[in-house]
Amino acid sequence: MSRNNLVVIGVSTGGPLTLKALFAGLPPLNAAFLVVLHITPQMDYRIAQGLAGVASMPVVLAQDGQYLRRGNIYLAPGGFHLKLDGNQRVVLCEGARVNYVQPAVDVTMLSLTRQLSGAMIGIVLTGMGKDGAEGIRHIKQMGGVTMAQDQQSSTIYGMPKAAVQTGAVDFVLPPNRIAGKLVELLEAIT
Amino acid sequence: MSNRIMIVDDNEYVRGSVDIICESAELDLTSAASGAECLERLESGFRGVILMDIMMPEMDGWYTIREIVSRGLYPGNIIVMLTGMGEPDCKMEGLQEYVSDYMTKPFGPDQLIESLQYYLTLLSTVRNHE
(Lines give C-alpha, C1' and ligand atoms only; values in the text may rest on other atoms or scores of the structure.)
Protein backbone atom coordinates (compact mmCIF):
# COMPACT_ATOMS: atom_id res chain seq x y z
CA MET A 1 0.00 0.00 0.00
CA SER A 2 1.17 3.54 -0.68
CA ARG A 3 2.73 5.72 1.97
CA ASN A 4 -0.01 8.36 1.63
CA ASN A 5 -2.60 6.46 3.59
CA LEU A 6 -4.84 8.68 5.68
CA VAL A 7 -7.19 7.85 8.55
CA VAL A 8 -9.57 10.56 9.79
CA ILE A 9 -11.43 9.88 13.04
CA GLY A 10 -14.35 11.98 14.31
CA VAL A 11 -15.47 11.67 17.93
CA SER A 12 -17.16 13.58 20.74
CA THR A 13 -18.54 12.75 24.20
CA GLY A 14 -16.95 9.57 25.50
CA GLY A 15 -14.05 10.24 23.19
CA PRO A 16 -11.11 10.42 25.61
CA LEU A 17 -11.61 6.87 26.89
CA THR A 18 -12.68 5.48 23.50
CA LEU A 19 -9.61 6.92 21.78
CA LYS A 20 -7.44 5.54 24.56
CA ALA A 21 -8.87 2.06 24.00
CA LEU A 22 -8.56 2.31 20.21
CA PHE A 23 -4.97 3.55 20.05
CA ALA A 24 -3.76 1.29 22.84
CA GLY A 25 -4.64 -1.60 20.53
CA LEU A 26 -2.91 -0.30 17.42
CA PRO A 27 0.66 -1.07 16.37
CA PRO A 28 2.52 1.56 14.33
CA LEU A 29 0.79 1.62 10.96
CA ASN A 30 1.58 2.98 7.53
CA ALA A 31 -0.85 5.89 7.70
CA ALA A 32 -1.25 9.36 9.13
CA PHE A 33 -4.02 9.47 11.75
CA LEU A 34 -5.99 12.68 12.20
CA VAL A 35 -8.38 12.81 15.17
CA VAL A 36 -11.11 15.45 15.35
CA LEU A 37 -12.48 15.43 18.89
CA HIS A 38 -14.97 18.04 20.07
CA ILE A 39 -12.67 19.71 22.55
CA THR A 40 -11.82 23.07 24.07
CA PRO A 41 -8.42 24.78 23.79
CA GLN A 42 -8.00 24.17 27.53
CA MET A 43 -8.16 20.40 27.11
CA ASP A 44 -6.65 19.59 23.72
CA TYR A 45 -3.03 19.35 24.87
CA ARG A 46 -4.02 17.17 27.82
CA ILE A 47 -5.95 14.78 25.59
CA ALA A 48 -2.97 14.55 23.23
CA GLN A 49 -0.63 13.82 26.12
CA GLY A 50 -3.02 11.21 27.49
CA LEU A 51 -3.13 9.46 24.13
CA ALA A 52 0.63 9.68 23.81
CA GLY A 53 0.85 7.72 27.03
CA VAL A 54 -0.91 4.70 25.54
CA ALA A 55 -0.36 4.89 21.78
CA SER A 56 2.47 3.14 19.94
CA MET A 57 2.74 6.10 17.56
CA PRO A 58 3.72 9.70 18.42
CA VAL A 59 0.78 12.00 19.20
CA VAL A 60 0.87 15.75 18.59
CA LEU A 61 -1.55 18.65 18.32
CA ALA A 62 -1.93 19.52 14.65
CA GLN A 63 -0.41 22.87 13.69
CA ASP A 64 -1.34 25.20 10.87
CA GLY A 65 0.74 24.52 7.75
CA GLN A 66 1.98 21.18 9.03
CA TYR A 67 2.23 18.23 6.62
CA LEU A 68 0.86 14.96 7.97
CA ARG A 69 3.37 12.14 8.11
CA ARG A 70 2.67 8.43 8.26
CA GLY A 71 3.09 6.70 11.58
CA ASN A 72 1.91 9.76 13.49
CA ILE A 73 -1.30 10.68 15.26
CA TYR A 74 -2.50 14.29 15.01
CA LEU A 75 -5.20 15.76 17.24
CA ALA A 76 -7.14 18.77 15.93
CA PRO A 77 -6.72 21.62 18.42
CA GLY A 78 -9.71 23.22 20.12
CA GLY A 79 -11.04 26.57 18.96
CA PHE A 80 -10.47 26.04 15.23
CA HIS A 81 -11.85 24.04 12.37
CA LEU A 82 -9.25 21.93 10.63
CA LYS A 83 -9.15 21.37 6.88
CA LEU A 84 -6.63 19.36 4.93
CA ASP A 85 -5.15 20.85 1.79
CA GLY A 86 -4.36 18.12 -0.70
CA ASN A 87 -5.21 15.58 2.01
CA GLN A 88 -1.83 16.34 3.61
CA ARG A 89 -1.35 19.92 4.77
CA VAL A 90 -3.14 21.17 7.87
CA VAL A 91 -5.13 24.39 7.54
CA LEU A 92 -6.59 25.73 10.78
CA CYS A 93 -9.58 28.04 10.23
CA GLU A 94 -11.58 30.31 12.46
CA GLY A 95 -15.24 30.87 11.75
CA ALA A 96 -18.70 29.85 12.84
CA ARG A 97 -19.43 26.60 14.59
CA VAL A 98 -20.66 23.79 12.39
CA ASN A 99 -23.12 21.28 13.87
CA TYR A 100 -22.84 23.40 17.08
CA VAL A 101 -19.15 22.50 17.49
CA GLN A 102 -15.62 23.60 16.70
CA PRO A 103 -13.64 21.73 15.56
CA ALA A 104 -16.29 19.99 13.49
CA VAL A 105 -15.69 16.56 11.99
CA ASP A 106 -17.67 17.40 8.88
CA VAL A 107 -15.44 20.38 8.09
CA THR A 108 -12.35 18.19 8.11
CA MET A 109 -13.83 15.25 6.24
CA LEU A 110 -15.51 17.44 3.62
CA SER A 111 -12.14 19.06 2.85
CA LEU A 112 -10.75 15.75 1.62
CA THR A 113 -10.28 15.03 -2.05
CA ARG A 114 -9.92 11.75 -3.90
CA GLN A 115 -6.64 10.12 -3.02
CA LEU A 116 -4.34 9.83 -6.05
CA SER A 117 -2.52 7.07 -4.25
CA GLY A 118 -3.01 5.36 -0.93
CA ALA A 119 -6.04 4.57 1.14
CA MET A 120 -8.42 7.02 2.78
CA ILE A 121 -10.33 5.76 5.81
CA GLY A 122 -13.02 7.68 7.70
CA ILE A 123 -14.25 6.64 11.15
CA VAL A 124 -17.00 8.09 13.36
CA LEU A 125 -16.94 7.17 17.04
CA THR A 126 -19.16 7.93 20.03
CA GLY A 127 -20.78 11.33 20.39
CA MET A 128 -23.99 13.31 20.57
CA GLY A 129 -25.47 14.87 17.45
CA LYS A 130 -24.79 14.16 13.80
CA ASP A 131 -21.39 15.69 13.16
CA GLY A 132 -19.38 13.46 10.83
CA ALA A 133 -22.32 12.00 8.92
CA GLU A 134 -21.91 14.23 5.88
CA GLY A 135 -18.17 13.74 6.10
CA ILE A 136 -18.50 9.98 6.06
CA ARG A 137 -20.78 10.16 3.05
CA HIS A 138 -18.18 12.35 1.32
CA ILE A 139 -15.30 10.00 2.12
CA LYS A 140 -17.29 7.09 0.70
CA GLN A 141 -17.93 9.11 -2.46
CA MET A 142 -14.19 9.82 -2.68
CA GLY A 143 -13.52 6.11 -2.76
CA GLY A 144 -12.60 5.73 0.89
CA VAL A 145 -13.34 3.03 3.44
CA THR A 146 -15.75 4.05 6.20
CA MET A 147 -16.41 2.77 9.72
CA ALA A 148 -18.65 3.67 12.66
CA GLN A 149 -18.62 2.58 16.26
CA ASP A 150 -21.41 0.16 17.15
CA GLN A 151 -24.25 1.08 19.47
CA GLN A 152 -23.36 -1.28 22.27
CA SER A 153 -19.88 0.12 22.78
CA SER A 154 -20.79 3.78 22.18
CA THR A 155 -21.13 6.10 25.16
CA ILE A 156 -23.60 8.05 23.02
CA TYR A 157 -24.68 6.50 19.73
CA GLY A 158 -25.82 9.76 18.08
CA MET A 159 -22.91 10.47 15.75
CA PRO A 160 -22.24 6.85 14.73
CA LYS A 161 -25.97 6.32 14.19
CA ALA A 162 -26.22 9.39 11.95
CA ALA A 163 -23.22 8.16 9.98
CA VAL A 164 -24.71 4.67 9.58
CA GLN A 165 -28.03 6.16 8.47
CA THR A 166 -26.33 7.74 5.46
CA GLY A 167 -25.89 4.22 4.09
CA ALA A 168 -22.25 5.06 3.42
CA VAL A 169 -20.63 3.10 6.27
CA ASP A 170 -18.78 -0.08 5.36
CA PHE A 171 -18.15 -1.45 8.86
CA VAL A 172 -19.99 -0.96 12.18
CA LEU A 173 -17.71 -2.22 14.95
CA PRO A 174 -16.58 -1.75 18.58
CA PRO A 175 -13.20 0.02 19.08
CA ASN A 176 -11.14 -3.16 19.44
CA ARG A 177 -12.47 -4.49 16.14
CA ILE A 178 -11.99 -1.11 14.47
CA ALA A 179 -8.35 -1.43 15.52
CA GLY A 180 -8.26 -4.93 14.05
CA LYS A 181 -9.78 -3.71 10.79
CA LEU A 182 -7.19 -0.93 10.55
CA VAL A 183 -4.41 -3.46 11.03
CA GLU A 184 -5.99 -5.55 8.28
CA LEU A 185 -6.26 -2.59 5.88
CA LEU A 186 -2.93 -0.91 6.58
CA GLU A 187 0.61 -2.18 6.61
CA ALA A 188 2.58 -2.18 9.82
CA ILE A 189 5.65 0.01 10.05
CA THR A 190 8.59 -2.07 11.10
CA MET B 1 -2.69 20.77 39.63
CA SER B 2 -5.69 19.04 41.11
CA ASN B 3 -6.53 15.49 42.09
CA ARG B 4 -10.04 16.10 43.24
CA ILE B 5 -13.49 14.87 42.33
CA MET B 6 -16.81 16.67 42.81
CA ILE B 7 -20.13 14.84 42.74
CA VAL B 8 -23.07 17.11 41.93
CA ASP B 9 -26.34 15.30 42.55
CA ASP B 10 -29.48 16.11 44.50
CA ASN B 11 -29.83 12.41 45.41
CA GLU B 12 -28.13 11.75 48.72
CA TYR B 13 -27.87 8.02 47.97
CA VAL B 14 -25.91 8.66 44.79
CA ARG B 15 -23.60 11.10 46.57
CA GLY B 16 -23.03 8.52 49.28
CA SER B 17 -22.31 5.75 46.79
CA VAL B 18 -19.76 7.86 44.95
CA ASP B 19 -18.22 8.80 48.28
CA ILE B 20 -17.70 5.13 49.17
CA ILE B 21 -16.23 4.36 45.74
CA CYS B 22 -13.84 7.31 45.85
CA GLU B 23 -12.77 6.52 49.39
CA SER B 24 -11.92 2.95 48.37
CA ALA B 25 -9.65 4.36 45.65
CA GLU B 26 -8.25 7.09 47.90
CA LEU B 27 -9.67 9.81 45.69
CA ASP B 28 -10.43 13.16 47.28
CA LEU B 29 -14.17 13.83 46.90
CA THR B 30 -16.29 16.88 47.58
CA SER B 31 -20.08 16.80 47.32
CA ALA B 32 -22.59 19.32 46.04
CA ALA B 33 -26.34 18.77 46.32
CA SER B 34 -27.25 21.27 43.59
CA GLY B 35 -25.95 23.20 40.62
CA ALA B 36 -25.74 26.29 42.81
CA GLU B 37 -23.53 24.48 45.32
CA CYS B 38 -21.33 23.27 42.46
CA LEU B 39 -20.85 26.85 41.29
CA GLU B 40 -19.99 27.93 44.83
CA ARG B 41 -17.30 25.26 45.07
CA LEU B 42 -15.85 26.33 41.72
CA GLU B 43 -15.93 30.01 42.71
CA SER B 44 -14.02 28.94 45.83
CA GLY B 45 -11.30 27.38 43.74
CA PHE B 46 -12.25 23.75 43.14
CA ARG B 47 -10.60 22.29 40.05
CA GLY B 48 -10.85 18.63 39.12
CA VAL B 49 -13.26 16.10 37.71
CA ILE B 50 -16.93 17.06 38.05
CA LEU B 51 -19.50 14.26 38.04
CA MET B 52 -22.67 16.12 37.13
CA ASP B 53 -26.19 14.77 37.45
CA ILE B 54 -28.49 15.96 34.67
CA MET B 55 -31.89 15.89 36.37
CA MET B 56 -31.76 18.26 39.32
CA PRO B 57 -34.44 20.69 40.57
CA GLU B 58 -34.09 24.43 39.90
CA MET B 59 -30.80 24.24 38.00
CA ASP B 60 -30.29 21.09 35.94
CA GLY B 61 -26.92 19.76 34.84
CA TRP B 62 -26.99 21.39 31.42
CA TYR B 63 -27.88 24.80 32.86
CA THR B 64 -25.13 24.41 35.45
CA ILE B 65 -22.56 23.71 32.74
CA ARG B 66 -23.66 26.78 30.81
CA GLU B 67 -23.13 28.82 34.00
CA ILE B 68 -19.71 27.23 34.55
CA VAL B 69 -18.67 28.19 31.03
CA SER B 70 -20.17 31.69 31.06
CA ARG B 71 -18.50 32.49 34.40
CA GLY B 72 -15.12 31.34 33.08
CA LEU B 73 -14.92 28.47 35.57
CA TYR B 74 -14.42 25.64 33.05
CA PRO B 75 -10.61 25.67 32.57
CA GLY B 76 -8.90 23.12 34.77
CA ASN B 77 -11.95 20.89 35.02
CA ILE B 78 -13.25 17.80 33.27
CA ILE B 79 -17.01 17.28 33.25
CA VAL B 80 -18.65 13.85 33.21
CA MET B 81 -22.45 13.72 33.01
CA LEU B 82 -24.38 11.26 35.13
CA THR B 83 -27.81 10.19 34.05
CA GLY B 84 -30.46 7.64 34.83
CA MET B 85 -31.82 8.07 31.32
CA GLY B 86 -30.57 6.79 28.03
CA GLU B 87 -29.01 9.13 25.48
CA PRO B 88 -29.03 12.91 25.93
CA ASP B 89 -31.49 15.23 24.22
CA CYS B 90 -30.90 18.44 22.31
CA LYS B 91 -30.13 20.32 25.56
CA MET B 92 -26.59 19.09 25.09
CA GLU B 93 -26.20 20.84 21.74
CA GLY B 94 -23.37 23.35 21.92
CA LEU B 95 -21.97 21.78 25.08
CA GLN B 96 -20.23 18.79 23.48
CA GLU B 97 -16.80 20.37 23.82
CA TYR B 98 -17.25 20.68 27.59
CA VAL B 99 -18.62 17.20 28.33
CA SER B 100 -15.89 14.58 28.21
CA ASP B 101 -17.98 11.59 29.19
CA TYR B 102 -21.51 10.45 29.89
CA MET B 103 -22.22 7.70 32.40
CA THR B 104 -25.54 5.97 32.95
CA LYS B 105 -26.50 5.17 36.55
CA PRO B 106 -26.02 2.74 38.14
CA PHE B 107 -22.35 2.45 37.19
CA GLY B 108 -19.85 -0.10 38.46
CA PRO B 109 -17.16 1.01 40.92
CA ASP B 110 -14.34 -0.31 38.74
CA GLN B 111 -15.61 1.55 35.68
CA LEU B 112 -15.95 4.78 37.65
CA ILE B 113 -12.53 4.52 39.30
CA GLU B 114 -10.76 3.69 36.04
CA SER B 115 -12.39 6.65 34.31
CA LEU B 116 -11.68 9.06 37.15
CA GLN B 117 -8.03 8.03 37.38
CA TYR B 118 -7.52 8.60 33.65
CA TYR B 119 -9.20 12.01 33.80
CA LEU B 120 -7.09 12.99 36.79
CA THR B 121 -4.01 11.99 34.83
CA LEU B 122 -5.13 14.27 31.99
CA LEU B 123 -5.70 17.15 34.40
CA SER B 124 -2.25 16.69 35.88
CA THR B 125 -0.75 17.43 32.45
CA VAL B 126 0.00 21.07 31.85
CA ARG B 127 1.60 22.97 29.03
CA ASN B 128 4.91 24.52 29.86
CA HIS B 129 3.46 28.01 29.79
CA GLU B 130 0.48 27.12 32.00
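The values are calculated or read from the model by the stated rules, or taken from the named source; none is laboratory data. The structure presented is a predicted model; accordingly, all values stated were derived computationally and were not measured. Because the Cβ atoms are built from the backbone with ideal geometry, glycine has one as well, and the counts that use them run over all protein chains shown. In case anyone asks, the SASA skips ligands and DNA or RNA and just uses the protein heavy atoms, side chains included. Shrake-Rupley method; radii C 1.70, N 1.55, O 1.52, S 1.80 Å.
I need the full set of residues from region A:49-76 which are of a type in the set (Gly, Ala, Ser) and touching a Ser or Thr at 6+ places or on another chain (Cβ under 9 Å), in order please.
Once the filter is applied, which keeps residues that are of a type in the set (Gly, Ala, Ser) and touching a Ser or Thr at 6+ places or on another chain (Cβ under 9 Å), region A:49-76 yields A:GLY50, A:GLY53, A:ALA76.
Is there a residue being farther than 26 Å from A:VAL60 by Cβ and open to solvent by 30 Å² or more (accessible area, probe 1.4 Å) anywhere in region B:121-129?
Taking every residue of region B:121-129 in turn, none turns out to be farther than 26 Å from A:VAL60 by Cβ and open to solvent by 30 Å² or more (accessible area, probe 1.4 Å).
Please specify each residue of region A:15-55 satisfying the condition of being out of contact with any strand residue (DSSP E or B) (no Cβ under 9 Å at 6 or more places or on another chain) and either in contact (Cβ under 8 Å) with a residue 60 or more places away in the chain or more than 10 Å from chain B (Cβ to nearest Cβ) (or both).
Across region A:15-55, the qualifying residues are A:ALA21, A:ALA24, A:GLY25.
I'd like to know if region A:103-126 contains one or more residues that are assigned to a loop (DSSP other than H, G, I, E, B), within 14 Å of chain B (Cβ to nearest Cβ) and without any contact (Cβ under 8 Å) to a residue 24 or more places away in the chain.
Scanning region A:103-126, I find no residue that is assigned to a loop (DSSP other than H, G, I, E, B), within 14 Å of chain B (Cβ to nearest Cβ) and without any contact (Cβ under 8 Å) to a residue 24 or more places away in the chain, so the answer is no.
How about region A:64-80: which of its residues are open to solvent by 10 Å² or more (accessible area, probe 1.4 Å) and within 14 Å of chain B (Cβ to nearest Cβ)?
A:PRO77, A:GLY79, A:PHE80
With open to solvent by 50 Å² or more (accessible area, probe 1.4 Å) and either within 12 Å of another protein chain (Cβ to nearest Cβ) or in contact with a His (Cβ under 7 Å, 6 or more places away or on another chain) (or both) as the only criterion, which of B:MET103, B:MET92, B:MET85 stands out?
Within the list B:MET103, B:MET92, B:MET85, the selection yields B:MET85.
Which of the residues that make up region A:139-167 are more than 14 Å from chain B (Cβ to nearest Cβ), farther than 11 Å from A:ILE123 by Cα and part of a loop (DSSP other than H, G, I, E, B)?
A:MET142, A:GLY143, A:ASP150, A:THR166, A:GLY167
State all residues of region A:33-42 that are of a type outside the set (A, V, I, L, M) and assigned to a loop (DSSP other than H, G, I, E, B); if no residue qualifies, say none.
Within region A:33-42, A:HIS38, A:THR40, A:PRO41, A:GLN42 meet the criteria.
If A:GLY53 passes every condition in (1) over 18 Å from A:GLY15 (Cα atoms); (2) open to solvent by 30 Å² or more (accessible area, probe 1.4 Å) but one, which one does it miss?
So A:GLY53 meets the others, but not (1).
Here is a list: B:GLU43, B:GLU37, B:GLU67, B:GLU97. Which entry is charged (D, E, K, R) and within 12 Å of chain A (Cβ to nearest Cβ)? Spell out how you get there, then give the answer.
Numbers: B:GLU43 fails: within 12 Å of chain A (Cβ to nearest Cβ); B:GLU37 fails: within 12 Å of chain A (Cβ to nearest Cβ); B:GLU67 fails: within 12 Å of chain A (Cβ to nearest Cβ).
One residue alone meets the criteria, B:GLU97.
A quick yes/no check of all residues on (1) part of a helix (DSSP H, G or I); (2) under 22 Å from A:LEU17 (Cβ atoms); (3) among the aliphatic types (A, V, I, L, M):
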| residue | (1), (2), (3) |
| --- | --- |
| B:ASP10 | no, no, no |
| B:CYS38 | yes, no, no |
| B:ARG41 | yes, no, no |
| B:TYR74 | no, yes, no |
| B:SER115 | yes, yes, no |
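Please go through region A:174-190 and pick out each residue that is of a type outside the set (Lys, Arg) and surrounded by fewer than 19 Cβ atoms within 10 Å (Cβ to Cβ).
Once the filter is applied, which keeps residues that are of a type outside the set (Lys, Arg) and surrounded by fewer than 19 Cβ atoms within 10 Å (Cβ to Cβ), region A:174-190 yields A:PRO174, A:ASN176, A:GLY180, A:VAL183, A:GLU184, A:LEU185, A:GLU187, A:ALA188, A:ILE189, A:THR190.
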